[in-house]
Every structure is written in C-alpha cells, then in structure tokens.
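Everything below concerns the one structure shown next.
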Amino acid sequence: MKLKKTLKIILPLILGGFLVWYSLGIVSPQELVTYFTNANYWWISLGLFFGILSHLSRAYRWKYLLQPLGYQPKFINSTLAVLVAYLMNIFLPRAGEVTRAAVMANYEDIPFEKGFGTIVAERIADLVMMLLIIIITLFIQFDFIWELLSQKINPKNILIYIGVIIVGFVIFIRFIKKGKSKIAQKIKSFVLGLKDGITSIFKMKNKWSFIFHTVFIWVMYVAMFWATIPAVENLSVPFGGVLIGFIAGGFSIAATNGGVGLYPVAVAGALSLFGIDEVTGNAFGWIMWTAQTAMIIVFGGLSFLLLPLYNKNN
C-alpha cells in the first residue's frame, strides 16, 4: 500500500521531468528566453485576470453546497482555501482537495468529511463541464476532425471504428449492470455516484446560481487560454484551435503535477493540427503554463500566510 502511494507521487514527477527535457529538445532554453522577453505581458495579465475571476467564482460557488448542510463560511476563507488547494496540487497530486477541506475544518468548524463531500460534488460538476466542452468542440470542428482522420485513416475504416466503439460501449454497460467482479462493482459505484452527484445539483435550493457559476468558471478558463495567445508575436489560432488546445492542456494538468513538462508538449501538439510550428507551440505552452503556475504559487503562498492572520481571533 505504501509502495502504491509512493509511486503515485514519484511517477508523475519522473514523467514531468522527462517531458521537460523532451520539450527543451524542441525549443532551446535560449529560444524560450527570447519568446519570454518578447512576449506581450498585457495579454498575459488579461489572461491571469480571467484566471483570478474563475478562482473567486469557485470560492463563491462553494457556499451553495455548504448552505444546505447548515454552514455559511466567510467568503475570504473560502477563497484562501481554494488558492491553497491549487498550490498543494502542484506538489502532490489530489492533495489540494484534502487540504481545502482541512482548512475549512480548522478555520470555519466545518467537519472534514462534509467539506470533502461537497468538494467531490464540485468535481462532478466540473467533469460534466469538461465533457460538454469536448462535445461542443466536436460539433464546431467536426468537418476539420473528419478531414484530419480521413487523411490518415480510410473513411470506411473510421465508420467501422465508430461502430466497434458503440458496440463496445453497449457491451460495457451490460457488463457493469450484471457484473459481480470487484472491478465491475467499483465502476458501477463510480457511475452511480456520478449520477447522484449530477441529479443532486438540480435538487439544490440555489441550483441556477450554482450552474451559472459552474459555467462562468469554465468560460473563464477558456478565456484565460484565449487571451494569452496574442502574447506570442504572430501567433494566430482559430476558435476551434483554442478549444482543442485548452482540452489538451486540461488533460495534461490532470496527468502530471500541475501539468509540469506535459502542458507545453500537449498544447503544442494540439496547435500543430492548425499549422502552428512546434517551436512556437511549445514556447506558447511554456508561457501559458508559467503564467498559470506563477499565479498559483504567488496567491497560494500568500493565502498560507493570510489564513492564520485573518483568523487570528479564532
């Protein structure tokens, strides 16, 4: 069990280190310095502003899940807890959620298990939003994606693959419904929990306010990515490319600690589909990742210091 936990911490760091080395093989440190020097920091600042708005909205949204439980935390404490959580996730995968619940237990007397339960419900809402963005991207870029696949795969084979996926999905659903194995039961439990989490959102008192903030948070995430693009000279990306680049970056953040190493590579790979050369794509990815990470480190670090000062009488 200890080995499993250790590997969960070490493997993402090793992967991140390898990908940093790989990325710097595409765009040299000297070239990166040039890109950073010539970057338009007004656009970067605008992107960070959108990022800050998303964090504030996330902190405010949290109250809609805590109110039915009888808790009304101070908005400042909610905001500081959210920022500390983002900081912790850079160093330890998934540690942010635990830290966030622990902060509120310490400073707002919200039982850890209840606070953590609301955070899990938030993650379900965020997962739904990510899936919606993927679906919207598929609709907007359907012709482009189909043409791209057709160039590499015979169109008839694409239809066969789609058919196989549909059949496989139906078999998978039947297996989960009737399966008795531990794996089947775990997947079934996860899917039912996801379903319960989604339906509970529509049953809450302030559901439309919660949904508004959820949509707003993700619009700000996309806006942060979009606003940073003009920071790199001569970089032009269509809206479909913005969405695909954003999705690639989002998955990279989930795969390694805060996307270290993987974020620039993933974003560059997505942008290359739209004719952006690898060097420029990687440079943009590094600028985007550095801006986000610096914001989290600065505000997360300040939050660590401000929490005990703000709550010194508690």
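The values are calculated or read from the model by the stated rules, or taken from the named source; none is laboratory data. Source: prediction; values computed, not measured. Here Cβ is always computed from backbone atoms with ideal geometry, including for glycine, and neighbour counts include all displayed protein chains.
Laid out as a table, the results:
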{"item": "Pairs, first part of a helix (DSSP H, G or I) in the range 256-272, second among the charged types (D, E, K, R) and modelled with pLDDT of 85 or more, C-beta under 6 Å, six or more apart", "result": "ALA268/GLU278"}
{"item": "GLY281 vs. criteria without any contact (Cβ under 8 Å) to a residue 24 or more places away in the chain, of a type outside the set (A, V, I, L, M, F, W, C) and surrounded by 19 or more Cβ atoms within 10 Å (Cβ to Cβ)", "result": "yes"}
{"item": "Some residue of the range 296-314 being part of a helix (DSSP H, G or I), free of Cβ contacts under 8 Å to residues at least 12 places away in the same chain and either touching a Ser or Thr at 6+ places or on another chain (Cβ under 9 Å) or closer than 22 Å to GLN30 by Cα (or both)", "result": "no"}
{"item": "Residue identified as surrounded by fewer than 22 Cβ atoms within 10 Å (Cβ to Cβ), over 24 Å from LEU83 (Cβ atoms) and among the β-branched types (Val, Ile, Thr) among ILE229, ILE244, ILE253", "result": "ILE229"}
{"item": "For MET288: the one exception among (1) assigned to a loop (DSSP other than H, G, I, E, B); (2) in contact with a helix residue (DSSP H, G or I) (Cβ under 8 Å, 6 or more places away or on another chain)", "result": "(1)"}
{"item": "Of all residues in the range 101-154 being small (Gly, Ala, Ser) and closer than 30 Å to ILE244 by Cβ, the one that is modelled with the highest pLDDT", "result": "ALA125"}
{"item": "Sole residue being surrounded by fewer than 20 Cβ atoms within 10 Å (Cβ to Cβ), assigned to a helix (DSSP H, G or I) and in contact with a helix residue (DSSP H, G or I) (Cβ under 9 Å, 6 or more places away or on another chain), chosen from ILE52, ILE44", "result": "ILE52"}
{"item": "Subset of the range 125-145 [crowded, with 18+ Cβ neighbours inside 10 Å and closer than 17 Å to ALA59 by Cα]", "result": "ALA125"}
{"item": "ALA184, sole failed condition from (1) modelled with pLDDT under 95; (2) under 18 Å from PHE50 (Cβ atoms); (3) of a type outside the set (S, T, N, Q)", "result": "(2)"}
{"item": "Residue check for GLY261: of a type outside the set (A, V, I, L, M, F, W, C) and at positive phi", "result": "yes"}
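Every residue, every condition in (1) in contact (Cβ under 8 Å) with a residue 40 or more places away in the chain; (2) buried (at least 21 other Cβ atoms within 10 Å of the Cβ); (3) part of a helix (DSSP H, G or I), yes or no:
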{"site": "ARG58", "(1), (2), (3)": "yes, yes, yes"}
{"site": "LEU65", "(1), (2), (3)": "yes, yes, yes"}
{"site": "GLN72", "(1), (2), (3)": "no, no, no"}
{"site": "VAL82", "(1), (2), (3)": "no, yes, yes"}
{"site": "THR99", "(1), (2), (3)": "no, no, yes"}
{"site": "VAL103", "(1), (2), (3)": "yes, yes, yes"}
{"site": "GLU113", "(1), (2), (3)": "no, no, yes"}
